[in-house]
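K.L.:
Can you read through this structure? Questions will come right after.
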Amino acid sequence: MQQTPTRSWDLSSCTVVHVRAGDFLPFHGHVVWLTSEQGGRQSGPPPTPPDQDYAATAFVPPATVDDGLASFVLRVRDRTAWRSRADGCWLVVENVPPNQVGPGDVIVVTEGARTVAYFHVDAVDVDIPTRLVAQRK
């Protein structure tokens, strides 16, 4: 039986990506950006253009940056505020464990291995897909 090799990823070189994720994102809540003193972004909330969404990595505790990262898209209402209403969505994974979220959960938003924000989930639309990219069959 052939073993699948494991890979080691250097997450410190990840860059911020802006995308347009479609009209509706299924997770609704608010985002709180960390200040540089709290270990967050040096420049404050990311200057995402109005016609694009912020894409990064994220995880749901009790997972960690080491074992639970998945691509995440965030649409922030006030792009200059440290705290703002926002909508989110997983980019590839389904909303199932270990990435499953519901009202009251927190998604830890990261850039590489650094935590930059907390997205507090208030509601999840069950009629909207919880991931943006369909998996190949």
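K.L.:
I'd like to verify a number: residues in region 102-137 that are at pLDDT below 95, out of contact with any Gly (no Cβ under 8 Å at 6 or more places or on another chain) and of a type in the set (A, V, I, L, M, F, W, C), how many?
P.N.:
Count: 5.
K.L.:
Working only within region 23-76, note down all residues that are farther than 17 Å from P97 by Cβ, within 10 Å of the chain's Cα centre (by Cα) and aromatic (F, W, Y).
P.N.:
Y54
K.L.:
So which of D87, D125, D105 ends up being closer than 15 Å to H28 by Cβ, of a type in the set (D, E), surrounded by 16 or more Cβ atoms within 10 Å (Cβ to Cβ) and out of contact with any Lys or Arg (no Cβ under 7 Å at 6 or more places or on another chain)?
P.N.:
D105
K.L.:
Here is a follow-up. Any residue in region 43-56 that is among the charged types (D, E, K, R), modelled with pLDDT of 90 or more and not in a strand (DSSP E or B)?
P.N.:
Within region 43-56, none of the residues are among the charged types (D, E, K, R), modelled with pLDDT of 90 or more and not in a strand (DSSP E or B).
K.L.:
I would also like to ask the following. Hey, can you tell me all the residues within region 73-116 that are part of a loop (DSSP other than H, G, I, E, B), in contact (Cβ under 8 Å) with a residue 12 or more places away in the chain and acidic (D, E)?
P.N.:
The answer is E94, D105.
Matching residues to (1) more than 17 Å from T130 (Cα to Cα); (2) surrounded by 11 or more Cβ atoms within 10 Å (Cβ to Cβ); (3) out of contact with any strand residue (DSSP E or B) (no Cβ under 7 Å at 6 or more places or on another chain); (4) modelled with pLDDT of 95 or more:
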| site | (1), (2), (3), (4) |
| --- | --- |
| T4 | yes, no, yes, no |
| S13 | yes, no, yes, no |
| H28 | no, yes, no, yes |
| V60 | no, yes, no, yes |
| A81 | yes, yes, yes, yes |
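K.L.:
Sticking with this one: Can you tell me which residues in region 111-128 are of a type in the set (G, A, S) and either out of contact with any Cys (no Cβ under 8 Å at 6 or more places or on another chain) or more than 25 Å from G39 (Cα to Cα) (or both)?
P.N.:
A113, A117, A123, listed by residue number.
The values are calculated or read from the model by the stated rules, or taken from the named source; none is laboratory data. Only a predicted model underlies this, so the values are computations on that prediction, with no experimental measurement involved. A quick note on method: Cβ atoms are made from the backbone with ideal geometry, for glycine too, and the neighbour counts reach across all protein chains shown.
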